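A.B. asks: Before I ask anything, let me first share the structure, which is written out below as structure tokens.
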Amino acid sequence: MRILVTGGAGYIGAHLVVELLGAGHDVVVVDDLSTGHVDALARAQSIAGRTCSLLVGDIADRDLMARALDGVDTVMHLAAFKQVGESMARPERYFRNNVGGLASLLESMVEAGVSRIVYSSTAAVYGSQAPMPLREDSAAFPDSPYGLTKLQGEGMLHQLARCRDWSAVSLRYFNPVGAHPSARIGEPIEVAASLVPRALRALLHRDDRLTVFGTDYDTPDGTCLRDYIHIVDLARAHLLALRALDAPGHRVYNVGTGRPHSVLEVVAACERASGMRVPLVRGDRRPGDVPVALADPSRFREDMGFEARYGLDAMVTSAWNWLVNNPRGYLLGRRFALPRPQLRRRAGDRPQSAF
Ligand SMILES: NC(=O)c1ccc[n+]([C@@H]2O[C@H](COP(=O)([O-])OP(=O)(O)OC[C@H]3O[C@@H](n4cnc5c(N)ncnc54)[C@H](O)[C@@H]3O)[C@@H](O)[C@H]2O)c1
């Protein structure tokens, strides 16, 4: 099958390209490199031992997309902005790229006669009011402009499935963590806003402590519980989603493990992986954070047989291995001004999750 991956030079995209090439698909990537890296894609091809095509540009560029879609059977649409906090500060930027960009992509697909799409959605569509665990039919009232853009994207696909007989799958990712077992592709930590990269950053830059937002929640250790999924499990989920495209209609799936982990459990896993202590500081609860955000992953398991293979320690250890092997992130594409980290264990640094 010939598959177009938008955003294929990004964190999730590069891991997805490895899996798609490994499964024998022809892959075309469109990426404007706004947050992605040519080097991530180069490494993905080297891991898979096969090549793909890269067209550098915006998904809203209709001429570029006409070329990219030539001969394509299926689109996997990952290209988007993804920072919840930034979306609160600059919502219009998210509306333009995540909704406007998708609308333009859909027009290009109609013109090219491509009617199968797997869409990167998110747990952020649910918002803080939904009861736990989150089921695909739980009410979706996103708290952020980012979550809203993703829900609107799902709505557009739902209507295309109804009006044009398209096959669409929206995957609501929970918290992707980790890196490829080869340690050659992963998430550059300097810009990432999620917990594991923040914890690893605090480990490396010892003067930069990890703030734990809220330590008085009604949870076993007082910190928030979240559902994490290994990046390779998440990439594999897209191959299963391909099979769900065989029938027309729009299907929505949670992609999580259904296993909750607290902030302090994640910190302890970072300490086990690195052999170093994460410097912590107590912070106030953040507005909008819910005590527990947990997937009910049963629909994807029952319909498509999805089972996550990796647990928390494997996720965090892979993130650590990636970091140790690539302290400066990727070489091509955007560059990171990372000082060389002190990776050696310091005397007296014993793993322990305490303030
Ligand atoms: N990483 C997460 O925590 C997470 C969680 C839930 C959902 N998602 C979704 O998964 C998708 C991929 O996320 P990621 O973590 O790999 O992010 P990322 O920023 O690493 O990757 C996004 C890629 O899309 C590209 N891109 C952005 N806008 C583009 C445009 N207009 N035209 C062409 N390319 C464009 C970027 O250059 C980048 O390579 C996004 O849609 C995101 O919303 C991510």
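The values are calculated or read from the model by the stated rules, or taken from the named source; none is laboratory data. If you're wondering where the values come from, they're calculated on a predicted model, not measured in any experiment. Note that each Cβ is placed from the backbone with ideal geometry, even for glycine, and that neighbours are counted across all protein chains shown. Heavy atoms of the whole protein, side chains included, go into the accessibility calculation; ligands, DNA and RNA do not. Shrake-Rupley method; radii C 1.70, N 1.55, O 1.52, S 1.80 Å.
A.B. asks: Any chance region 124-132 includes a residue that's open to solvent by 10 Å² or more (accessible area, probe 1.4 Å) and within 18 Å of the chain's Cα centre (by Cα)?
C.D. replies: Yes, region 124-132 contains at least one residue that is open to solvent by 10 Å² or more (accessible area, probe 1.4 Å) and within 18 Å of the chain's Cα centre (by Cα).
A.B. asks: Taking the conditions exactly as written (within 9 Å of the ligand (Cβ to nearest atom), surrounded by 17 or more Cβ atoms within 10 Å (Cβ to Cβ), not in a helix (DSSP H, G or I) and not basic (Lys, Arg)), does Ala40 satisfy them or not?
C.D. replies: no
A.B. asks: A follow-up question, please. Out of region 166-197, which residues are surrounded by fewer than 19 Cβ atoms within 10 Å (Cβ to Cβ) and within 13 Å of the ligand (Cβ to nearest atom)?
C.D. replies: Listed by number, the residues that qualify are Glu190, Val191, Ala192, Ala193, Ser194.
A.B. asks: Next question. Quick one: which strands (runs of 3 or more DSSP E) lie wholly within region 221-303 and hold at least 3 residues that are within 19 Å of Glu187 (Cα to Cα)?
C.D. replies: Of the strands (runs of 3 or more DSSP E) lying wholly inside region 221-303, those with at least 3 residues that are within 19 Å of Glu187 (Cα to Cα) span 225-230.
A.B. asks: Considering only residues that are in contact (Cβ under 8 Å) with a residue 60 or more places away in the chain and part of a loop (DSSP other than H, G, I, E, B), look in region 139-149 and name the one that is farthest from Met76 (Cα to Cα).
C.D. replies: Here the answer is Asp143.
A.B. asks: I'd like to know if region 150-165 contains one or more residues that are among the hydrophobic types (A, V, I, L, M, F, W, C), within 14 Å of the ligand (Cβ to nearest atom), open to solvent by less than 10 Å² (accessible area, probe 1.4 Å) and touching a residue at least 60 places away in the same chain (Cβ under 8 Å).
C.D. replies: Checked region 150-165: at least one residue is among the hydrophobic types (A, V, I, L, M, F, W, C), within 14 Å of the ligand (Cβ to nearest atom), open to solvent by less than 10 Å² (accessible area, probe 1.4 Å) and touching a residue at least 60 places away in the same chain (Cβ under 8 Å).
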